[in-house]
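*Asks:* My questions will all concern the structure given below.
The values are calculated or read from the model by the stated rules, or taken from the named source; none is laboratory data. Because the structure is predicted, anything quoted here is derived from the model rather than measured. Every residue, glycine as well, gets a Cβ built from its backbone with ideal geometry; the counts of neighbours run over all protein chains shown.
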Protein chains: 2
Amino acid sequence: MDSQLFQEIEMLHQRICQALGDPKRLMILYLLNQRPRNVGELALELETPQPTISHHLKILRERSLVKMRKEGTIAYYTLADVRVIEALDLLRSILRDSIAVQAQLAEFSALKAEQNDTE
Amino acid sequence: MDSQLFQEIEMLHQRICQALGDPKRLMILYLLNQRPRNVGELALELETPQPTISHHLKILRERSLVKMRKEGTIAYYTLADVRVIEALDLLRSILRDSIAVQAQLAEFSALKAEQNDTE
DNA sequence: TATAAATATTTACAGAGGTTAATGTAATGG
DNA sequence: CCATTACATTAACCTCTGTAAATATTTATA
């Protein structure tokens, strides 16, 4: 029963989640969500050496998260599936809420410390 | 402009996406989505030493992806936000589609090879 | 053909992070 | 008070992986 789930999650990790585990690759995906770009543009915008960008793009390509089309010597990269951004936006909403909660907790602690001071 | 996006994605990576980059942690999240469990249960079901599970739970706790409540010596862990699973399911749907496409490509290649053989 | 531009690949290196064993801590029962 | 159970922490080891430099490949152009 569960070995089915195990296998699927193993693939989910190897093919997608691991690819999302790097900040540069997240940035690449968000930039490609705005519009297609070539390798040089990405290298400039992320202030990162071109071979590094190519390396990350290779990983994203192998996992079918981006698509490439070549025109002459220029390689244009596109987002393969918008649902990646949808998923990342979902995770960002979780992030915002958890930050908000932590801010509230900090405020509460500060208030409590203030009360203890006046006692 | 973009430095705003850069910062937010940096946080998204440090707090959430990096946490999803390990298969054991993905499994823990999916198991907790079924029902709350304690550390021992997770260690048994994932066939993993207890300190390893504790380590992963610490990471998930620090990033507000799971919640803990203690009853005596037993620590019960719960999913903090169901949207994590929603996001992961979205990614799984991408995975399924990309696998389907690859299967079609493989079939197409096989067909083509067969045609070349008969020529 | 020679040169330049754009991208990919290879190699080596360094750092981050997962695993394990040993140890520490806290709560429960005898 | 001691032993046990359940979990957390620490430290050492090791693998994985991101980075950068050098090189290779491909295409266009003179």
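*Asks:* If A:Ala75 meets every condition in (1) modelled with pLDDT of 95 or more; (2) within 15 Å of the chain's Cα centre (by Cα); (3) within 16 Å of DNA strand C (Cβ to nearest atom) apart from one, which number is that one?
*Replies:* All conditions are met except number (2).
Yes/no per residue for (1) touching a residue at least 12 places away in the same chain (Cβ under 8 Å); (2) in contact with a Lys or Arg (Cβ under 9 Å, 6 or more places away or on another chain):
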residue: B:Ser3; (1), (2): no, no
residue: B:Ile16; (1), (2): yes, yes
residue: B:Lys24; (1), (2): yes, no
residue: B:Asn33; (1), (2): yes, no
residue: B:Val39; (1), (2): yes, no
residue: B:Glu47; (1), (2): no, no
residue: B:Gln50; (1), (2): no, no
residue: B:Ser54; (1), (2): yes, no
residue: B:Val82; (1), (2): yes, no
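*Asks:* Restricting attention to region B:31-67, report how many residues are within 11 Å of chain A (Cβ to nearest Cβ), closer than 21 Å to A:Asp97 by Cα and surrounded by 17 or more Cβ atoms within 10 Å (Cβ to Cβ).
*Replies:* Residues flagged as within 11 Å of chain A (Cβ to nearest Cβ), closer than 21 Å to A:Asp97 by Cα and surrounded by 17 or more Cβ atoms within 10 Å (Cβ to Cβ) within region B:31-67 amount to 3.
*Asks:* If I filter region B:5-24 for residues that are in a helix (DSSP H, G or I), more than 30 Å from A:Leu42 (Cβ to Cβ) and at the interface with another protein chain (Cβ under 7 Å from one of its Cβ atoms), do I get at least one hit?
*Replies:* No.
*Asks:* Then there is this: Hey, can you tell me all the residues within region B:76-106 that are facing chain A (nearest Cβ under 8 Å), in a helix (DSSP H, G or I) and over 14 Å from A:Arg63 (Cα atoms)?
*Replies:* Matches in region B:76-106: B:Arg83, B:Val84, B:Glu86, B:Ala87, B:Leu88, B:Leu90.
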